[in-house]
Each structure stands twice: as C-alpha cells, then as structure tokens.
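A quick write-up on the structure given underneath.
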Amino acid sequence: MVCPRRHYAVCLASLAVLGALWPAMASERAFPYDRELMLDAAPMRGSKRVPMLQIDENGVAAIDLWCASAKAQANVGDETITIVPAEVQPAQCTPERRSGDENLLAALAQVTGWRRSGDIIEFFGATTLRFRLMTN
C-alpha cells in the first residue's frame, strides 16, 4: 500500500486493522481440525442422536453415525478431501438407523471437496453433506 505523507497515519491505522482481522478471516476459511461437526439434519424418529464427525490434523477421523460409530482416515487439502471409512463399531439398532449409517458412510466415502462458510462446512461429492461446527 502506497501512502502519501499527509495520509501516513490513516494508512498505518488501516494496516493495523487489516493485520488484526487477517487471522480471523483466515480461520473462518480453514478446515476445523480437532472440532466436532454435527450433520445438519433432524434426528431420526425415536432418537435424539444426530451424526457427528471429527477429523484430527493427522487425518484420523471419528464418526458417530445414526446408530453405530466408525473410524476413518481423512486427507484434507485446501479445497479437497477424501474420507476412507475403516472400522465400524457395531451397535444394536433399528433397520432404518442401520440403513442410515450405511448411506452416510457411503456418502462420506464419495466426498471429494469441502467449503467452509463461518460455522457451516459442506462436503461435496455424489451427495452434498452439510455440517455445523459445534460452538459450545
């Protein structure tokens, strides 16, 4: 930024404000590692549970599905992501919830991209999955 001498103080103040805002703006676009993401969906009938996803910086992912839980490996880039589900912890649940688990795992396995807007993280692939960043 080039500033005329008479506007030097204004330019300096503007740069200070920009410098203070830059990390906040960057963090709103960064992938939220080590944070819980809740699927933007209503609970299934007869349950209060909604699927959750957490991806650590080392790529280890924990997924709480509609019924069961699963481990996965994730590879996150600037705008790309791949999730490879691995071990599923079986649980006793209704056929509807088991089917929901299978469908969600299949959709997660097909994601190829992601985008963040504030507390909303969207995964793109065959299906778009929308998650909310837990802020509590």
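Apolar share of the accessible surface for the stretch 54-114: 48 percent from carbon plus sulfur atoms, 1.4 Å probe. Counting Cα-Cα pairs of the stretch 76-118 in 10 Å increments starting at 0 gives whole-percent bin shares of 25, 40, 26, 10. For GLN110, no residue 5 or more places off, or on another chain, has a built amide H under 5 Å of its own. Roughly how far apart, in whole Å, are the Cα centres of the stretch 30-64 and the stretch 95-115? Here the answer is 12 Å between Cα centres. Quarter the surface of the alpha carbon convex hull of the stretch 31-74 and you get the mean projected area, 3.1 square nanometres. Classify the stretch 20-110 as rounded, prolate or oblate, taking a ≥ b ≥ c as the square roots of the eigenvalues of its Cα gyration tensor: rounded when a/c is under 1.5, otherwise prolate if a/b is larger than b/c and oblate if not. It comes out prolate by the Cα gyration axes.
The values are calculated or read from the model by the stated rules, or taken from the named source; none is laboratory data. This is a predicted model, so every value here is computed, not measured. Areas reflect the complete protein model, heavy atoms only, side chains present, ligands, DNA and RNA absent. Shrake-Rupley method; radii C 1.70, N 1.55, O 1.52, S 1.80 Å.
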